[in-house]
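So the structure is just underneath, and the comments pick up after that.
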Amino acid sequence: MTTMLLASGAAKATTPKIDDFKYSVDKFADIEILRYRVPDFEKLSLKQKELVYYLNEAALEGRDILYDQNNKYNLCVRRTLEAVYVNYNGNRKTTDFQNLATYLKRVWMGNGIHHHYSEDKFVPEFSSTYFAEAVKTIDPAKLPLSNGETVDALINKLTPILFDPTVYPKKTNQAEGVDLIKTSANNYYGDNVSQAEVEAFYGKMKKPNDKEPVSFGMNSKLVKENGVLVEKTYKVGGLYSSAIIKIIGWLEKAATVTENDQQKDVINTLIDFYRTGNLKTYDRYSIKWVEDLASDVDFVNGFTETYGDPLGLKASWESIVDFKNMEATKRTEIISSNAQWFEYHSPIDPRFKKEKVKGVSAKVITVAMLAGDCYPATPIGINLPNADWIRHEYGSKSVTIENITEAYDQASLGNGFDEEFMWSDVERKRAKDFGSMTNNLHTDLHECLGHGSGKLLQGVDPDALKAYGSTIEEARADLFGLYYMGDPKMVELGLLPDKDAYKAEYYSYIMNGLMTQLTRIQPDKNIEEAHMRNRQLIAAWVYEKGKADNVIEMVKRNGETFVKVNRYEKLRVLFGQLLAEIQRIKSTGDFEGGKKLVETYGVKVDNSLHNEVLARYKKLNLAPYRGFVNPVYKLVENSEGEIKDITISYDENFVDQNLRYSKDYSNLPTFN
Ligand code: ZN
């Protein structure tokens with residue numbers, strides 16, 4: 001919660017509350033949809049509002065790209081189900097129809113047929129017979145039939161995609177010992193392309209002494225044509241051209257209302273990249289973007305994160321539009337201006353420290369629009385660009401999205417979670433007093449300092465950790481934050497009001513990592529997602545290493561398991577030791593070491609504890625995952641067509657929003 005973020009002397013957020021703002025919008029399957037407020041949008045200048053508006057439109061135009069990247073049938077599935085949902089004239093009150101509606105909502109939430117978090121294909125709760133019957137009642141002109149295809153053929157094509165659990169079971173497969181490319185359902189690689197072929201193809205492109213390596217493969221699909229591997233680049237005239245042209249159209253308008261010339265240059269360079277697909281241009285854009293610190297309005301728009309590719313090469317399309325939260329940014333400025341102190345005092349081998357921490361810019365932002373891989377599920381912090389050499393030479397831009405955290409916190413008040421899982425009133429009181437504050441601070445430290453700290457030894461391949469790279473990198477950033485949370489420097493800098501406040505974050509981090517994050521895992525499944533692996537890795541490692549000193553206990557009370565932290569100072573020491581080891585793995589590119597840590601601590605789940613946690617969680621009747629709807633922005637024009645204002649409203653629901661997006665921003669063919 002923003003109002004209690006900071007101690008005396010530091011910034012306090014002064015966000016006015018909108019009376020009776022209803023955060024929770026919808027609930028289905030394991031998902032709750034929230035809305036978020038955009039405080040102070042009204043205070044932007046008209047020109048800034050216009051800029052936000054155009055960037056918002058550019059964000060929404062890319063929506064179909066992510067669906068197609070996630071799986072090549074996703075647009076066909078979505079369009080077929082939407083056609084049924086909108087046009088069905090049968091009984092809409094039956095369980096079958098309701099289950100079809102729920103399935104469609106899950107497709108919107110996952111941007112496709114796989115769960116956004118577990119990455120497993122979800123199972124419809126209606127039959128294939130019902131599906132076929134329902135589709136047959138729809139006017140064929142409204143269905144996504146491809147040239148000359150019959151309705152029966154469409155149904156036959158989609159039935160295994162929806163109903164056969166062995167077809168495309170996993171979006172991004174991280175399991176050991178199989179071909180990760182062939183067993184992943186995403187659409188970054190063509191049929192019959194193997195992991196070994198991908199590794200050889202991109203391995204050859206890397207030059208050993210390249211000081212400015214581009215992100216090979218980031219913006220293309222790798223396919224086999226007549227037995228030869230070729231890249232199909234995402235650009236104007238290439239793959240996803242029709243959506244990219246629309247994005248460019250709005251970016252061009254945005255470039256006419258920028259806050260300054262540098263921002264205009266950033267946008268124009270991005271346009272240039274979208275036109276050419278040239279990765280050198282992308283790096284030039286990233287550098288200009290990271291150096292633009294003067295603008296209040298900012299954005300991410302492009303092929304950005306590589307979590308969706310098991311080899312971490314291909315980037316999914318995403319966009320956010322945001323502006324600076326002036327008050328809360330004072331907090332991250334304190335952190336950034338002390339970046340060198342933190343780097344110097346970090347408990348890692350001096351060989352892996354940066355002599356000079358460059359341009360760790362950090363700010364707290366208010367997000368105005370979420371799109372692509374940031375919608376409906378969204379991160380609460382972002383740190384970009386991803387290219388290691390740019391981060392090293394030019395620094396990175398790090399943001400904490402406070403209006404999203406605020407929505408999470410507000411929607412969780414009094415939901416019974418802490419009462420069920422925390423050990424005692426001591427932990428609960430600390431969570432109430434300091435939970436939001438320390439959680440925000442941990443995010444700041446993770447983003448502003450953690451990812452930007454440390455360096456690779458000369459000659460170490462940044463991709464050396466392969467499939468374990470994301471987990472190790474997230475663990476590194478988390479540990480950096482955890483280690484410093486407990487440092488007296490936090491109170492000294494006015495970032496925490498009390499020397500014991502950090503214990504709130506330590507306790508909730510360990511409880512989450514050892515226990516409660518298992519609420520997000522299906523029975524009998526292991527942990528796949530990088531952030532979750534990293535959290536369990538850290539919690540399980542410190543638990544084991546601290547056993548002799550009784551640092552953390554797992555205690556049974558009335559047959560229920562609780563986490564008890566006995567020695568917080570010692571816990572901090574363990575965080576420091578693990579940080580040193582993780583940094584060593586990263587800096588030296590120790591693949592075997594990284595693999596061993598992740599596989600030993602981060603992946604496997606204790607089945608009986610897992611079942612217990614799921615049963616206790618079920619009683620609370622909460623949704624383990626949350627997504628968001630965006631506000632609606634409208635241009636207000638006078639009779640001459642001059643823009644007079646841009647208004648914001650919060651009343652659109654999840655279904656209406658997605659149907660509107662599908663109608664207004666349907667930019668790609670059903671198959672690409
Ligand atoms: Zn991170």
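The values are calculated or read from the model by the stated rules, or taken from the named source; none is laboratory data. The structure presented is a predicted model; accordingly, all values stated were derived computationally and were not measured. Note that we place each Cβ from the backbone using ideal geometry, even for glycine, and neighbour counts take in every protein chain shown. Accessible surface areas use protein heavy atoms only, side chains included; no ligands, DNA or RNA. Shrake-Rupley method; radii C 1.70, N 1.55, O 1.52, S 1.80 Å.
When region 22-61 is filtered for residues that are of a type in the set (Gly, Ala, Ser), out of contact with any Lys or Arg (no Cβ under 8 Å at 6 or more places or on another chain) and assigned to a loop (DSSP other than H, G, I, E, B), only 45 remains. Counting only helices (runs of 4 or more DSSP H) that sit wholly inside region 272-384, those with at least 2 residues that are β-branched (Val, Ile, Thr) and touching a strand residue (DSSP E or B) at 6+ places or on another chain (Cβ under 8 Å) are 326-337.
Matching residues to (1) closer than 19 Å to residue 526 by Cβ; (2) surrounded by fewer than 20 Cβ atoms within 10 Å (Cβ to Cβ):
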site: 119; (1), (2): yes, no
site: 132; (1), (2): no, yes
site: 140; (1), (2): no, yes
site: 146; (1), (2): no, yes
site: 151; (1), (2): no, yes
site: 156; (1), (2): no, yes
site: 159; (1), (2): no, yes
site: 185; (1), (2): yes, no
site: 188; (1), (2): no, no
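Select the helices (runs of 4 or more DSSP H) contained entirely in region 478-552, then report the ones holding at least 3 residues which are within 16 Å of the ligand (Cβ to nearest atom). Fully inside region 478-552 and qualifying: 502-514, 530-545. The numbered conditions (1) under 30 Å from residue 485 (Cβ atoms); (2) touching a helix residue (DSSP H, G or I) at 6+ places or on another chain (Cβ under 7 Å) are all true for residue 294 except (1).
Scanning region 544-571 for residues that are more than 32 Å from the chain's Cα centre (by Cα), open to solvent by less than 60 Å² (accessible area, probe 1.4 Å), over 23 Å from residue 480 (Cα atoms) and not small (Gly, Ala, Ser) returns 555, 560. Just to be sure, is residue 618 assigned to a strand (DSSP E or B) and surrounded by fewer than 21 Cβ atoms within 10 Å (Cβ to Cβ)? Here the answer is no, as residue 618 does not meet what is asked. The single residue among 415, 403 that is away from the ligand (no atom under 16 Å from the Cβ) and in contact with a Pro (Cβ under 7 Å, 6 or more places away or on another chain) turns out to be 403. Hey, can you tell me all the residues within region 434-448 that are modelled with pLDDT of 90 or more, within 12 Å of the ligand (Cβ to nearest atom) and either β-branched (Val, Ile, Thr) or open to solvent by less than 10 Å² (accessible area, probe 1.4 Å) (or both)? Within region 434-448, just 445 meets the criteria.
Residues in region 622-662 that are among the hydroxyl-bearing types (Ser, Thr, Tyr) and not in a helix (DSSP H, G or I) were compared, and the one that is nearest to residue 78 (Cα to Cα) is 625.
Considering the conditions (1) of a type in the set (Asp, Glu); (2) touching a Ser or Thr at 6+ places or on another chain (Cβ under 9 Å); (3) at pLDDT below 95, residue 125 is excluded by exactly one of them, (3).
The set of residues in region 381-393 that are more than 10 Å from the ligand (Cβ to nearest atom) and β-branched (Val, Ile, Thr) contains only 390. Of the residues 202, 189, which is over 30 Å from residue 604 (Cα atoms), touching a residue at least 24 places away in the same chain (Cβ under 8 Å) and in contact with a strand residue (DSSP E or B) (Cβ under 9 Å, 6 or more places away or on another chain)? None of the other options fit; the residue is 202.
Scanning region 466-489 for residues that are touching a Phe, Trp or Tyr at 6+ places or on another chain (Cβ under 7 Å) and surrounded by fewer than 23 Cβ atoms within 10 Å (Cβ to Cβ) yields a total of 2. Quick one: would you say residue 375 is more than 15 Å from the ligand (Cβ to nearest atom), under 19 Å from the mean Cα position of the chain (by Cα) and at pLDDT 90 or above? Yes.
Within region 449-459, is even one residue within 11 Å of the ligand (Cβ to nearest atom), in a helix (DSSP H, G or I) and either modelled with pLDDT under 90 or not hydroxyl-bearing (Ser, Thr, Tyr) (or both)? Looking through region 449-459, at least one residue is within 11 Å of the ligand (Cβ to nearest atom), in a helix (DSSP H, G or I) and either modelled with pLDDT under 90 or not hydroxyl-bearing (Ser, Thr, Tyr) (or both).
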